[in-house]
Amino acid sequence: MDSRDSKQDRGRASRRKAFLRASMGRAGSREGGPLSGFAAYSASYVRRVETFAALLAALYPLAYLADDLLSGRIPPLLHYLPPLVAMLALAFASSRLGPTRFLNSLFVATVYAGFALTLRLPNSRAVYIAIYAFAVPFFYFIGGVRAGRTASLGFVGLLALLIALGVVAEAREFRGFVRPYHYAMLVSALLVQMLIAESNERRHARGLEIIFEEHYYDGATGLPNGHSLVSEKLAEGETLALVRLRNLRISGASTTTRTAGK
């Protein structure tokens, strides 16, 4: 009995984890069965957001290139073309592949590189301000709590490293930041963003757990329902046939009843 209960508990935990990943559209989710359509919709939503974010980032070099041309300045093509090509490539890959761990890692690496390079290179037009403001929420959106926390802490570490190397102090918008508490404010703002993002993600996950319980388990008894059985058998690689009977009538039931009444 204990072995059977333990197996059921493991199956329940596994289904909950798969359901949460599929519902959030996270990379690597492979939810099947009745929820496959919901998982596909969630993954499609994340894919559209990632594609939109890459296209939005591609507007920066395009806008600055157009500004230089219209102003009669010689545009620094080496500053504009690499990020433009990189963002367009990410947008294309995201639209074709959807949320994958590899693609999400590329997004994170691109944010890191973009922040460091725009801080250091001239003519960056303070793009690092936008990256600083939106990096943490974006990390949590594409990766969830665990991956988002890892990427955000890495971003905080990168900022601390750039502060220690004096790169931040050389940026035009941060030249007034000469005291340690100025830099502490920059780091603290990222940590506050992390707390808010973690709270939102966990609240989202709790809501999805309620949906999971209502979908897989009977509300009155707490026992697994038909959806739970289908998901468990499909996960074990078994073939399952379900037959639904409606308006079932037993032949001769009415005759037997009349005879018994007489």
**OP:** Quick one: which residues, 5+ away or cross-chain, put their amide H under 5 Å from the amide H of residue 217? H built at 1.01 Å from N.
**Re:** 225
Subject >> Cα-based shape type of the range 71-119, given that a ≥ b ≥ c are square roots of the gyration tensor eigenvalues and the cut on a/c is 1.5 >> reply: oblate
**OP:** Could I have the simple spin-label model distance between residue 67 and residue 134, label points 7 Å from Cα toward Cβ, reported in nm to one decimal?
**Re:** 1.6 nm
Original post:
Tally Lys/Arg at +1 and Asp/Glu at -1 over every other residue whose Cβ is under 13 Å from the Cβ of residue 198; what's the total?
Top reply: +4
Original post:
Packing-wise, with mean Cβ within 10 Å as the measure, how do 56-64, 107-115 rank, highest first?
Top reply: 107-115, 56-64
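Read-outs: derived from the displayed coordinates by stated rules, not from any lab. Note that this is a predicted model, so its numbers are computed, not measured. Neighbour counts run over all protein chains shown; Cβ positions are idealised from the backbone, glycine included.
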